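Structure first, then comments.
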Amino acid sequence: MQRLFTAFPGGAPGAGLLLLRGATGISAIADAGWIASSGVMPWIWAAVLAFCGVLLLIGLVTPVAGASLAVIQGALVLGAAPLAESLGRREMLLVAVALALTFIGPGWLSVDAWLFGRRRILISESVRH
């Protein structure tokens, strides 16, 4: 599972990733509500979109959630963009951010970092000799 993540940066970069994950997750959940109420796509896609949004919010399996979110948002752009001109631009931005999160990883303040983060292993002097 470690190979799915590039790094778990802390400090300002980690806070930036937390902000990106939060904004993207909340937007995905809001889009899921819109999809479910408007009937643009089947409700199952709205449920998957909301689930991916929650996974991004907490930072669990971030690469998988980000890639899934990018695919669903991309399908939404292709299917529903003629309904509203501004929808296509906003959704494409969410696709780009979701893909960026897929490639960068979740950051230090996430469930992924807690479960799969790098660990320091100390080898005592008696074992080395």
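From the residues in the range 28-63 that are part of a helix (DSSP H, G or I) and in contact with a Lys or Arg (Cβ under 8 Å, 6 or more places away or on another chain), which one is modelled with the lowest pLDDT? Give the derivation first.
If we filter the range 28-63 for residues that are part of a helix (DSSP H, G or I), which is where we start, we get 28-38, 43-58, 62-63.
Narrowing the set further to residues that are in contact with a Lys or Arg (Cβ under 8 Å, 6 or more places away or on another chain) leaves 56-57, 62.
On the way: LEU56: 94, LEU57: 94, THR62: 91.
Step by step, filter the range 28-63, then rank; the result is THR62.
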Return a yes/no flag: does the range 109-123 have any residue that is at pLDDT 70 or above, under 22 Å from MET41 (Cβ atoms) and part of a helix (DSSP H, G or I). no
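The values are calculated or read from the model by the stated rules, or taken from the named source; none is laboratory data. Just so you know, these numbers come straight off a predicted model, no measurement behind them. Every residue, glycine as well, gets a Cβ built from its backbone with ideal geometry; the counts of neighbours run over all protein chains shown.
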